[in-house]
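Down below is the structure, laid out as structure tokens.
The values are calculated or read from the model by the stated rules, or taken from the named source; none is laboratory data. On a predicted model such as this, the values are computed, not experimentally measured, just so you know. Note that we place each Cβ from the backbone using ideal geometry, even for glycine, and neighbour counts take in every protein chain shown. Each accessible area value is taken on the protein alone, full model and side chains, heavy atoms only, with ligands, DNA and RNA left out. Shrake-Rupley method; radii C 1.70, N 1.55, O 1.52, S 1.80 Å.
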Amino acid sequence: MSAEVSSKPGRNPLAQAAKADRNRKILIQVAVAVVLLGLIAGIGIALATRKHNDDKAAEGSNTFHWNAEQAALVPPNLTPEGAIRIDNAAAPAPAGKQKVSVRVVADMQCPACDMFEKSNADALKKAVQSGQAVVDYNIITFLDRASNGNQFSTRGSAAAYVMYEADPSKFQGWLAAMYEKQPKEGGNGMTDDQLIKIAEDAGYTDPAVAQAIKDGKYTTWVKTQTDKVFATGVKSTPTVYVNGTQVTDAQALMSAGGMTSVIENASK
């Protein structure tokens, strides 16, 4: 039994068939895009299941160790949550709007954090410069085992607080450069010289910054701080909050400039 194409007057069966095929392809493409966005956001959730305690158990095989003097070092000028606050105090919120609070929890080795940063670095920077938002960064560490003993996650996190202490105005530019050169998981991480070069290129030319990177300043503190952040209920990286509410929309997190509309809506 064969199927027949309707030949009612006024209808072109070939055109109808072609239109149906186009519609089917469009639906498939939309479905694939939605699934991909979900998978990208899910990378952070999968990474977060690698708990900080697992890294502690693996540290015995790492070749990088911290000295006891670092235990007492605490980065200055952090928020009560231990976050780096980037704010343009000279720029008030736009007329009739409130300044939005954005909080980003990230790991320097996390691929999903890299995707978020590349998608929204400019949006967050512009929001700060315009006075529309203040952005807090909790840079934590739980992916040391992904850098072949180099402990890049901890060293990169510690470097973030060194940069903030040295000059907050250059921090977002440095962060974008770090993610641009993020080592692959399972690779060898970054050397001190590589970290120093990125810092210098971002405008951190003070020799004290280079020395702090070599000394591993704040490395002990970031590990303790990571435990505190996880204890607040954070389960994935990146975890992003706007005015205290977690952003769960994958498109906002992973599409170019996706956070712009979220921030604008929150400022109303």
Subtracting the Cα-Cα distance of Asp87 and Thr248 from 0.36 nm times their residue separation yields 55.6 nm
Dimensions (Å) - the stretch 140-220, Cα atoms, principal axes, largest first: 31, 25, 21
Spin-label zone in the stretch 162-186 - amide nitrogen under 15 Å from a point set 7 Å from the Cα of Lys125 along the C-beta vector: 168-181
Whole-Hz couplings from phi, Karplus 6.51/-1.76/1.60, listed for the stretch 247-255; x for Gly and Pro: 8, 10, 6, 4, 5, 5, 6, 10, 9
For the stretch 77-99 versus the stretch 185-227, the gap between their alpha-carbon centres in whole angstrom: 25 Å
For Ala95 paired with Lys170, estimate the spin-label separation in nm (one decimal), with each label point 7 Å from Cα along the Cα-to-Cβ line. 3.7 nm
In whole Hz, the Karplus estimates of ³J(HN,Hα) for the stretch 173-180 (6.51, -1.76, 1.60; θ = phi - 60°; x where Gly or Pro) are x, 5, 4, 4, 5, 5, 5, 4
Estimated inter-spin distance, Lys228 and Glu200, nm [label 7 Å along Cα→Cβ]: 3.4 nm
Once Ser153, Ser130, Ser255 are ranked on solvent-accessible area with the largest value leading and a 1.4 Å probe, the list reads Ser130, Ser255, Ser153
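Given the convex hull over the Cα atoms of the stretch 70-185, what projected area results after averaging over all orientations, in nm²? Show your work: numbers first, answer last.
Numbers: hull surface 30.6 nm².
Its average projected convex-hull area is 7.7 nm².
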